[in-house]
1. Of all residues being crowded, with 18+ Cβ neighbours inside 10 Å and among the aliphatic types (A, V, I, L, M) in the stretch 370-393, which is farthest from S251 (Cα to Cα)? Just the residue, please.
2. Of all residues in the stretch 230-247, which are aliphatic (A, V, I, L, M), over 17 Å from F328 (Cβ atoms) and open to solvent by 10 Å² or more (accessible area, probe 1.4 Å)?
3. Would you check which residues across the stretch 119-140 are in a helix (DSSP H, G or I), closer than 22 Å to E186 by Cβ and within 17 Å of the chain's Cα centre (by Cα) and list them?
4. If you take the residues of the stretch 397-434 that are among the aromatic types (F, W, Y) and under 12 Å from the mean Cα position of the chain (by Cα), which of them is farthest from T129 (Cα to Cα)?
5. Taking the options R209, R175, R224, R189, name whichever one is of a type in the set (D, E, K, R), open to solvent by 40 Å² or more (accessible area, probe 1.4 Å), more than 21 Å from V421 (Cβ to Cβ) and in a helix (DSSP H, G or I).
6. Given the criteria at negative phi, touching a Pro at 6+ places or on another chain (Cβ under 8 Å), in contact (Cβ under 8 Å) with a residue 40 or more places away in the chain and not in a loop (DSSP other than H, G, I, E, B), does V196 qualify?
7. Mind checking which helices (runs of 4 or more DSSP H) fall wholly inside the stretch 257-359 and carry at least 1 residues that are within 20 Å of R241 (Cα to Cα) and open to solvent by 10 Å² or more (accessible area, probe 1.4 Å)?
Amino acid sequence: MAAAAASCRRPIAWFFSLAAALFFASWYLLLDSAAPPRALAAARGQGLRVGSPGRKCDPSNAALRVFMYDLPPEFHFGLLDWKPPGGGGVWPYVRGGFVPEYPGGLNLQHSIEYWLTLDLLASEQGAPTPCGAVRVRDAAAADVVFVPFFASLSFNRHSKVVPPAWASEDRALQRRLLQYLASRPEWRRSGGRDHVVLAHHPNGMLDARYKLWPCVFVLCDFGRYPPSVASLDKDVIAPYRHVVPNFVNDSAGYDDRPTLLYFQGAIYRKDGGFIRQELYYLLKDEKDVHFSFGSVVGNGIEEATQGMRASKFCLNIAGDTPSSNRLFDSIVSHCVPIIISDEIELPFEDVLDYSKFCVIVRGTDAVKKGFLMNLIKGISQEDWTRMWNRLKEVERHFEYQYPSQNDDAVQMIWKAIAQKVPSIRLKVNRLRRFSRFETNRTDETPTRSSWLENQAS
């Protein structure tokens, strides 16, 4: 009888073991699928899993200690239609793999606020990150104060006025942001001089920028900013997020790229972009030159990908603004960029020598008949190959990704901001010289703490 009972219990035990294994496996797959496919693919390609347990970053070892405001979700991930689970909280739990996905297409080119915010959340939650910048909860222990407003996404999605509203939701968000900052002791302490504001889209923060001029802006260029608001001394230039895919395992050398010079994009532009149409009429009939109109509509991105990968040199010409994502598409396609934009500022130029992997030409020279073609044809195969190899070495510095990796675009931006910290401290300390006399003032003279309040009202 005992043997018979034992033999009956074995199948039951085996059944419960199998059921438990299937239960845990299903939960693993559910959590794994919660992260966006693009993020998971990038992470797995680097041997990482989004949301895998890790250590929290140590602020004492970080190059940059960052206090980040807990702004309501409407300013950041709420713009991606993310809602806090259970109706509470401010941030997604990135360690658990719950990373809201950013929209694709041209939206991606100005997505830097998304990647930097994710990296700060990872530093605090123990998700994978190089820990170059670490979130701290005590503003007094921070080097800078981070304002997590997804300004570029706000402009792209909400810049149009929807009746019966008298202003766009983007402008309304900017106004509410100014009111929020005016109420914060961190702003009053420094007058905003240690605040980092992301406005990478040329039209991002279109109203608020003139009121946030003391802050450190992270921008794509200074084309639509007066010197009184933004400059290289105070602010940081960040790369666009490339739109075309990386050219992985590129072996297409000089002889494998039949097109000498490539440009596909908008030809008739305003402001400094007039040079595009001048170059079009100069180059359109040249042999081995592809110069035509193009956009991201339809198969535009795929056509640009194939065209750049089949070309030795890629034109990067000033448009409505001095910069565009075309430069960074060229870099990840390993098509040697020809930069023609006199007002352009290049990201990380303090550590990168662009002359090693780009050809930079003055606009006045480029429009001279025959100048550009003679210049390009005079570059030897050996010199071109040297630049091509250098492109493959530096492309990692222009890569936005989650989880972030050492020396990618996210970490390079943090380093660029960290270099501003001594200057920021000087400005803040000078501002505090007479702060004791402002503590109990009763006159009507505006102070630095009331200035933003007046601007926001």
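1. Out of the qualifying residues, it is L372.
2. From the stretch 230-247, those aliphatic (A, V, I, L, M) are 230, 232, 236-238, 243-244; that's our starting set.
Those left that are additionally over 17 Å from F328 (Cβ atoms): 230, 232.
If the condition is that a residue be aliphatic (A, V, I, L, M), over 17 Å from F328 (Cβ atoms) and open to solvent by 10 Å² or more (accessible area, probe 1.4 Å), then L232 is the only one that fits.
3. Scanning the stretch 119-140 gives D119, L120, L121.
4. Filtering the stretch 397-434 for residues among the aromatic types (F, W, Y) gives 398, 400, 402, 414, 434.
With under 12 Å from the mean Cα position of the chain (by Cα) added as a condition, the list becomes 398, 400, 402, 414.
On the way: F398: 17, Y400: 13, Y402: 8, W414: 13 Å.
Applying the filter and picking the extreme gives F398.
5. Working: R209 fails: open to solvent by 40 Å² or more (accessible area, probe 1.4 Å); R224 fails: in a helix (DSSP H, G or I); R189 fails: more than 21 Å from V421 (Cβ to Cβ).
That would be R175, the only listed residue that is of a type in the set (D, E, K, R), open to solvent by 40 Å² or more (accessible area, probe 1.4 Å), more than 21 Å from V421 (Cβ to Cβ) and in a helix (DSSP H, G or I).
6. Working: at negative phi: yes; touching a Pro at 6+ places or on another chain (Cβ under 8 Å): no; in contact (Cβ under 8 Å) with a residue 40 or more places away in the chain: yes; not in a loop (DSSP other than H, G, I, E, B): yes.
No: the conditions fail for V196.
7. Working: elements: 274-283, 300-309, 326-332.
By residue number, 300-309, 326-332.
Residue-by-condition table, conditions (1) open to solvent by less than 10 Å² (accessible area, probe 1.4 Å); (2) closer than 23 Å to F67 by Cβ:
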site: G89; (1), (2): no, yes
site: F98; (1), (2): no, no
site: Y102; (1), (2): yes, no
site: N107; (1), (2): no, no
site: E113; (1), (2): yes, yes
site: L118; (1), (2): yes, yes
site: A122; (1), (2): yes, yes
site: Q125; (1), (2): no, yes
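The values are calculated or read from the model by the stated rules, or taken from the named source; none is laboratory data. Just so you know, these numbers come straight off a predicted model, no measurement behind them. When we count neighbours, we look across all protein chains shown, and the Cβ atoms used for this are built from the backbone with ideal geometry, even at glycine. Only protein heavy atoms, including side chains, enter the accessible area calculation; ligands, DNA and RNA are left aside. Shrake-Rupley method; radii C 1.70, N 1.55, O 1.52, S 1.80 Å.
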